[in-house]
Each structure stands twice: as C-alpha cells, then as structure tokens.
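These notes are about the structure you will find just below.
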Amino acid sequence: MIHYFDTLIIGSGLAGLRAAIEASRHGSVAVLTKLYPTRSHSGAAQGGISAALGNEEPDSPEWHFYDTTKGSDFLGDQDAIGIMCEDAIRTIVELEHMGVPFSRTPEGKIAQRRFGGHTRDFGAAPVRRACYSADRTGHAILFALYEQSELQGVASFPEFQVLDIVIENGRCSGALVLDIQSGDLHTFNAKATLVASGGYGRVFKTTSNALASTGDCLSILFDGGIPLEDMECFQFHPTGLYGLGILITEGARGEGGILVNGKGERFMERYAPTIKDLAPRDMVSRAIMTEIREGRGVDGKDFVHLDLRHVDKKIIEERLPEISTFCKIYMGIDPSENPIPVLPTAHYAMGGIPTDVDGRVLGDEKGATIEGLYAAGECACVSVHGANRLGCNSLLDTVVFGRRAGMAIGGYIKDADRREIAKGPSDRVKADMNALVNSTGDEKAGALRSEFRKMMMDRCSVFRNEEGLAGLVQDLKTIKERTKYVGIKDRGAQFNTELLEALELNHLINLGEAIALSALQRKESRGAHSREDFPERDDENWLKHTFAFKTGRGIEFRYKPVTITRFKPEERKY
Amino acid sequence: MNNYTFRIKRFDPENDTVPRWEEFHVEMAPTERVLDGLIKIKDSVDGSLTFRRSCAHGVCGSCAMKINGKNGLACQTLIKDVSFSPDTVITLEPLPALPLIKDLVVDMAPFFEKNDKVLPYLINNEPPPERERLQSPEDQHTILQSITCIMCGCCTSSCPSYWADKEYLGPSALLKAYRFIFDTRDRSTEARLERVAQVHGLWRCHSIYNCVEVCPKEIDITGHIAKLKSLSVKKALSGRKSLKKK
C-alpha cells in the first residue's frame, strides 16, 4: 500500500506526539508505532518533569540552566540547554492546559519535588523543581498528548515496524514500513519525516527499558550514512530493582529516601557532601559500584539498599504508589517496612541522531542538514544532556524539542514538493525480508541476544577501560558474523514476531558497535562515560562531541566543538 | 529452579482453522514472571510462539492475556501466584471476546474504538489562564484511580455484558468518560453523558464486578461506573424539574 502525507512521524512517545500535534496544524500527519501509542515507553517515566515554576519554593530558569550544564559535565550544548530551560515553564503550563493530571499543592498549583542535581543558587542546596503526577508522570503526559493528537485528527498506525528510512540525494522522502498484523509492506511518502523512536537500553543486560527499546531507526539511519553523536554517553540509573533492572524513581530519594551500604552507612555523604543522595545519576551509580567493589555491598552481595522506612507512610502511599507496588509484586517487600535492594540499571541514551535546536538532522559535524529529516526525543542528540542527563530533563526535552521540530516541519512543508519513493529501495527491502524469513541457519536470535547484552554490560557499563573495550569490539565482530546464521522457524507473514526480533537483534548489535567504539575513542572520564584508565576529565582534548560515521572502511570518527554560551567548564563537585 | 508446564492455546492464521493446545516445559524460579516463561519458550524452544510484550513491569498494558482462566498481565503475574506446586499447569489463552489474530494476540482495534466514542480528551474552550488551572488535591483525587488505567483490555474482555453486546462501550471506555467528566477542568460533561447514558453504555453495566476483579491496576471500575450512573440520573431528574417549572 502507498500513502502520501505531509508529515510522517515515527514513534508515538512524548516527542512524536507533541510534534504530531504541532505539525497537524499545518498539514496531514501519520504517526507510526511498532506498539500502540499508549504503550510507548515514555509512559514508564515515573518521577517528574522539570521546570522552575517556583510553586513550592523560589526557583529560576537560570539555576535550571546551570544545573543542566553542570549535570552534563559541560558536554551539553548551551544554546540548546538555554532554550530548553527558558521554555520549561511555558511547556508545563501548556501540558496542564492539555489535561495532564499533575499532583497538586494545597493551593491547587502543580506540586513539585526534589530530584537529583537540581539545585537553588547554583548548587547551594536541592530545590523542588520536578513537576509530577504521583510516580506515573510519563503515563499521565503520554495519555494527554495521545488524546490531544486524536482530537487534532492525527492518523495513527499501530503495530507498524519501520524497515527503512529513505534518503536520496540528501533528501528524505519517507519510510518503508511493515504492517505487523498483515505482513504487508507499506510505502509512506512524506515531505517531512520525524524520527522519534526512543531509546535503546536493550543493548545492555540489565535495563529499565522496554523490550521494544531496540533503537531500530538509529541503526537504520547509521547504515544510511547519518552520523551518531556521543554514543559513548549512556546513563545507568542508580536505583534499578536488584536482579530485574525495573526503575525505582529518583523521586524516592527526592521524598527523603537514602542509600545505605552493607555496613549501614549512608555512603553518599562521602561522595557528594552537599547534596548527598540527590547527586546526579552518574555519580550515584559510580558510588554504588565502588561500594560493592570494595566489599561494602549488602551481605557481601552485589547490591545496596534504598531505604524509605523513615519516610512518612502517607507520602509513600500518595507520591510513590507505583514503585511501592513494584516492590510488593516483584520483591515481596513493602518499602515502608523493608529497605529496597537496588543496583544501577541501563536507563537513558544521551547520545543519538545529531540535530540542531529545531530538530533538523545533521549529516556531518559541520552542521549540514538532511532536507526533510527531523529527530526528537531520546533517539536524538541536540545535545541538552551532554555526558549525563539530570532526572526530569528527559520528559522536558521530548516536549520542548518535539514541539520545536513540529513547528519547523510546519514551516518546511508549506513550500516543499510532494515526495515519491522510487521502486529500488522497496524492492531491496522486500528481498532482505524474504532472505531473513527463509533463513535456515542454526543460530538462535534469543541466545545471541543474551550473549551480546551480557558482553555490553560486562565491559561497557558504569566503568570502562581500554582492555575491556578493545576485547568487546572484537567479540562484537564475531557475534555480528554469527547473526548471519540465525534461523527463523516462523515462515508466516502475519504477526511474525520471530522475524521482528531477528531484525531488532541486528539493530542492537549495530548500535552496540557504535557505543563500544565511541567509548574506546574517548580517552577521558566525563559524566556517565567513566574510563578507569583515564579517570580525569580532559577539557583540553575532549571538550567536544563524538560523531561516529559508518563507512565502507568501518566506523570512523570526527568531532564537533561544544557550544558554550554562558557557563565555563569548572570542577564538578556536589 | 523447577520445571513448570505451560499449556498454551495456539492459532496460526495461515495454517490452522481452529485453535489448538500445546504444552511446553520450562525451567524457572517461582519468583519469575509468566512473561519470562513465554520469552524462554520463544527464545529456546519455539520461535514462532506469538505474544505481545513491551515494558515487562505492568505499565504499558501489552501482555494482557487469560492466565489460568483469569485475565491479567503476563509481566505482573509471578509463577508462584498461579502455580502453587511445580505440578500445577499454567494455562495461557488469548483475551476472550476480541477477534483472534495469532496465538496469544487478539485484535485490539474494537477495544480502542470504544474509547474513541466517549470524547476521550480534555475539552475546555475558555481562554486559558497564564499559569496552570488550579485544582485542589481533593478534586485531583476524585480522578486519581481513573488516570492510572493503562488500557490493557483485561476489563472489557472479561465483561459478560460485553460478551453479549459487542456494541457495549465496556468498562474501560466508561472509566475514560468518568476520568474527564469528573475532572474539574473539563467543560463537556453534558456531551459526554449523552454519549454514555444510553442502552449500549452505562445501563448495560449490571455490576458484575469481573472488571474490578481482573484490573491489574486495582481500579474500582464498577464503582466509577456507579458514580456515572448516579450523575446521569441526577441530571435527568433536574432536567425534568426545570421542564415542569416552565
């Protein structure tokens, strides 16, 4: 089937839907998702969305700007950070008007709580900046945006898997897509295509990310010659449920929870004397891993405790109900009576598809844009998060830059001509899919996936070093070779999830290579990228963004200077 | 680790005319999820086994299915919750009352279409204030349960009234209507009530409570529908009074 739209949006999370609402004011919009829109992983975001509303105590966008820059370990581009923090208040008010059911203060204003790395007076003390809807903030915003996009007449295509994004002569003309239910190939011709396909935490063994978070579109674009920026910067959230990786919101510490090691010490006091347990995620994750490595895990094991027992029961019930339920269901414990066993979990990709501040995808480190191609949300790298994202800034990023991309698209499609994807790419995709569905090798996708995710976790997670990364790069080559022999049992066209999982595995490994190689290049420690062999930040040589390009000779690297407008790099202490 | 038996209802639309049963044996810990079992089977025994899944911790609503006769989420049900001894068979079927596509996957379109009928979005055409619209914590609590719905479909597909009347809006859509009607910021109560207070709407609910029993988010859906019924009757009566006055 062949479709024509002014705007094609891939992904129905917060960034995609916010862009869809904006773009639908200017023309026809199709939103594709491999799930259903309400099932997008934005819905799993718990703790909040940041904005200096000042509803609970004085706050300012300037402080937010400073915290985000410092949180990014000065790798964030300050033009973009400034835009985001300046636009935050308007964004939250707009979301509220769209119907987001935020939790409230006694006066009826949007309630706010503390979150890691968000401070008043440039680092003096934690500040209440996180706007929340209990611990289901992502869910509340996702539903409101989905509902408003429906009201705007946005056409959504659930369970449609993107197979290729077509870029010809420096211009994007749409995508080739599999209707999962029927197995039919659809061609979506569009003047503008926005990639808002989310994260790829499934690269790692332990992750808070959904099974669907496999980074398909990043991998497709990477293969198509688009660079990937700062892929070495991957965030490990300090508090994943032990053994499962399920997220326990930083809001738990924002409401007073503390981290405790096996000796009963509140160890964050040693690592971040001023804001302690509310230090940024990279520092807390490193602290936890250090405690465990030095033998201070609980019962000598590889976890620490998140203790909420001293927090008012009513606060836990009202503001943290969801994580309490997770603890009860999966661990059989009540957080108001037992400490929660936690361990860092792969959570958020700071890196991704490079864009300018209006979502235009960059084709190189010099700023050349690809006509008609946009990206926003976790898959994109603006970069507002640099080497480490602050909690609550991801939801803000999706909505602020989703809207800006939608507005830019609105301007672009007015004068852009109709697109028509040529037959060539479509024939190629059909042939690829046929080959895959008929493959009879004896490798199993599931087994390879487990092996791959484990090697990424072992050698490329919270701590990294030259030896581990170099070995990893070699092993990734081997495993990539083995994926050629993955056998598929299901030969059916309809709802062939075995085929989809094989495709996703290829994408995951493709991104794994970009992450490992980018990490091997960056010979310093900055934010979430922590090299044991280069433990210091090196502004002289590495205050720059990594751009990885896939070429015929393998992955090659070029670099782009960081945009600094307001805050000079300084020592990062909390 | 124990060896558990999964009995799964299978249907391949390209080869089967009717569903069939198949048994699988899986090594698992009792504290693992039913979804973990399905993934193990797919990864190591039969790659063609088909089911939906995504978040794996009860927030996205993808993996709703019938587990030992009762609708629930495979990712939120632990083996020990449904299998009291290693001999107990874990029986998995697709959600009932929705068109079957393949194995444990049903067509969710009829379910989502019901939702679209209740004006499922905040409507307020008054000029927006400069800052947020105020809402007291008490007023926010009135809609608190209803906003936690993840639209997994467990409720509607478990409802005998829905089984009997496929035009019935069903518990999930009615809960969505409640979510906006009782939101103090919304201004379309009348239009929404008109859409739900009809023979395939509110009055089709006979308070059977199946929906409440299966809801993975523990929402008192029947209670919410009762409040809508009560509001609808009040509105109808007050309408009659005002007619008399004229």
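The values are calculated or read from the model by the stated rules, or taken from the named source; none is laboratory data. These numbers come from a predicted model, not from an experiment. Reconstructed Cβ throughout: ideal geometry from the backbone, glycine too, with neighbour counts over all protein chains shown.
Overview of values
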| quantity | calculated |
| --- | --- |
| Flag for B:Val214 being away from every other protein chain (no Cβ under 13 Å), in contact with a Ser or Thr (Cβ under 7 Å, 6 or more places away or on another chain), among the β-branched types (Val, Ile, Thr) and crowded, with 16+ Cβ neighbours inside 10 Å | yes |
| The stretch A:181-198 - residue that is part of a loop (DSSP other than H, G, I, E, B) and in contact with a helix residue (DSSP H, G or I) (Cβ under 7 Å, 6 or more places away or on another chain) and, of those, farthest from the other protein chains (Cβ to nearest Cβ) | A:Ala196 |
| Selected residue (criterion: surrounded by the most Cβ atoms within 10 Å (Cβ to Cβ)) from residues of the stretch A:476-504 that are under 13 Å from A:Asn438 (Cβ atoms) and charged (D, E, K, R) | A:Glu498 |
| Matching option when the condition is in contact with an Asp or Glu (Cβ under 7 Å, 6 or more places away or on another chain), away from chain B (no Cβ under 14 Å) and surrounded by 24 or more Cβ atoms within 10 Å (Cβ to Cβ), among A:Ser525, A:Ser518 | A:Ser518 |
| Pairs, first at the interface with chain B (Cβ under 9 Å from one of its Cβ atoms) in the stretch A:140-152, second of a type outside the set (Phe, Trp, Tyr) and assigned to a loop (DSSP other than H, G, I, E, B), C-beta under 6 Å, six or more apart | A:Ala140/A:Val100; A:Ala140/A:Pro101; A:Ala140/A:Ser133; A:Ala144/A:Gly99; A:Ala144/A:Val100; A:Glu147/B:Pro120 |
| Pairs with Cβ under 9 Å, 6+ apart, first in the stretch A:558-570 and free of Cβ contacts under 8 Å to residues at least 24 places away in the same chain, second aromatic (Phe, Trp, Tyr) | A:Lys568/A:Phe74 |
| Hits in the stretch A:310-334 - residues which are more than 10 Å from chain B (Cβ to nearest Cβ), touching a residue at least 60 places away in the same chain (Cβ under 8 Å) and farther than 16 Å from A:Arg136 by Cβ | none |
| Residues of the stretch B:62-94 satisfying the condition of being crowded, with 17+ Cβ neighbours inside 10 Å, more than 14 Å from every other protein chain (Cβ to nearest Cβ) and either without any contact (Cβ under 8 Å) to a residue 12 or more places away in the chain or assigned to a loop (DSSP other than H, G, I, E, B) (or both) | B:Asn68, B:Ser83 |
| The stretch A:90-112 - residue that is touching a helix residue (DSSP H, G or I) at 6+ places or on another chain (Cβ under 7 Å), of a type in the set (Val, Ile, Thr) and at the interface with chain B (Cβ under 10 Å from one of its Cβ atoms) and, of those, surrounded by the fewest Cβ atoms within 10 Å (Cβ to Cβ) | A:Val100 |
| Residue in the stretch B:39-60 that is more than 12 Å from every other protein chain (Cβ to nearest Cβ) and surrounded by 21 or more Cβ atoms within 10 Å (Cβ to Cβ) present | no |
| Among (1) surrounded by fewer than 22 Cβ atoms within 10 Å (Cβ to Cβ); (2) among the β-branched types (Val, Ile, Thr); (3) over 24 Å from A:Leu142 (Cα atoms) - the single one B:Ile123 does not satisfy | (3) |
| Search result, residues across the stretch B:103-152 that are of a type in the set (D, E, K, R), within 20 Å of A:Arg39 (Cβ to Cβ) and without any contact (Cβ under 8 Å) to a residue 12 or more places away in the chain | B:Asp107, B:Glu113, B:Asp116 |
| Residue in the stretch A:438-451 that is at negative phi, more than 14 Å from chain B (Cβ to nearest Cβ) and of a type in the set (Gly, Ala, Ser) present | no |
| Residue count for the stretch B:1-24, restricted to those that are part of a loop (DSSP other than H, G, I, E, B) and farther than 15 Å from B:Asp46 by Cα | 8 |
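For (1) buried (at least 16 other Cβ atoms within 10 Å of the Cβ); (2) outside any strand (DSSP E or B); (3) at pLDDT 95 or above, each residue gets a yes or a no:
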position: A:Ile292; (1), (2), (3): yes, yes, yes
position: A:Val311; (1), (2), (3): yes, yes, yes
position: A:Glu322; (1), (2), (3): yes, yes, yes
position: A:Asp334; (1), (2), (3): no, yes, yes
position: A:Val342; (1), (2), (3): yes, no, yes
position: A:Thr345; (1), (2), (3): yes, no, yes
